[in-house]
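Novice: Submitted below is the structure of interest, expressed as structure tokens.
The values are calculated or read from the model by the stated rules, or taken from the named source; none is laboratory data. Here the structure is a predicted model, which means the values were calculated and not measured. FYI the Cβ positions are ideal-geometry reconstructions off the backbone, even for glycines, and counts take in every protein chain you see.
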Amino acid sequence: MADEQRLDRFLWYARLTKTRSAAQAIARDGHVRIDGRPVERAHAPIRAGQVLSFPLHGRVRVLRILTLPKRRGPPAEARALYEDLSPAVDAAGSPT
């Protein structure tokens with residue numbers, strides 16, 4: 001369907017991982033939650049409006065999907081795909 005996209009493809013298109021293989025590994029290892037439900041499949045379908053949470057680079061990322069991408073564009077285009085709901089952290093990495 002046009003209103004769904006694979007989880008791994010979204011993570012890669014949104015430039016949250018450097019490679020699609022890395023995105024697949026995050027999903028396959030069971031580190032991703034979609035709307036609070038654990039997911040262990042890279043091909044899990046996602047839609048706009050859903051909330052993803054997963055560990056990335058030493059912190060937990062919480063993102064609301066605003067729109068699904070059609071390609072892996074430049075970083076500014078990728079940041080417009082989601083709203084970052086992650087808890088704020090200070091320079092030491094502690095929640096503020």
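Novice: Is it the case that Q24 is over 17 Å from R79 (Cα atoms) and within 12 Å of the chain's Cα centre (by Cα)? Talk me through it step by step, then tell me what you get.
Specialist: Values: over 17 Å from R79 (Cα atoms): yes; within 12 Å of the chain's Cα centre (by Cα): yes.
Criteria met by Q24.
Novice: Only one of these conditions is not met by S86: (1) out of contact with any Asp or Glu (no Cβ under 8 Å at 6 or more places or on another chain); (2) surrounded by 15 or more Cβ atoms within 10 Å (Cβ to Cβ); (3) among the small types (G, A, S). Which number is it?
Specialist: Failed condition: (2).
Novice: Here's a check for you: in the range 6-32, which residue that is surrounded by 15 or more Cβ atoms within 10 Å (Cβ to Cβ) and not in a helix (DSSP H, G or I) is modelled with the lowest pLDDT?
Specialist: Here the answer is H31.
Novice: Could you check the range 80-96 and list, in sequence order, the residues that are assigned to a strand (DSSP E or B) and either of a type in the set (S, T, Y) or at pLDDT 65 or above (or both)?
Specialist: Start the filter on the range 80-96 by keeping residues that are assigned to a strand (DSSP E or B), which leaves 82-84, 89, 95.
Across the range 80-96, the qualifying residues are Y82, E83, D84, V89.
Novice: Something else: How many residues does the range 1-22 hold that are in contact with a strand residue (DSSP E or B) (Cβ under 9 Å, 6 or more places away or on another chain) and not charged (D, E, K, R)?
Specialist: Number satisfying all stated conditions: 9.
Novice: Can you find a residue in the range 50-65 that is over 11 Å from the mean Cα position of the chain (by Cα) and at pLDDT 95 or above?
Specialist: No, because not a single residue in the range 50-65 is over 11 Å from the mean Cα position of the chain (by Cα) and at pLDDT 95 or above.
Novice: Then there's this: Any chance the range 53-64 includes a residue that's among the hydroxyl-bearing types (S, T, Y), under 14 Å from W12 (Cβ atoms) and not in a loop (DSSP other than H, G, I, E, B)?
Specialist: Just the residues of the range 53-64 that are among the hydroxyl-bearing types (S, T, Y), to begin with: 53.
Right, trim to under 14 Å from W12 (Cβ atoms) and you get none.
No, there is no match, as no residue in the range 53-64 is among the hydroxyl-bearing types (S, T, Y), under 14 Å from W12 (Cβ atoms) and not in a loop (DSSP other than H, G, I, E, B).
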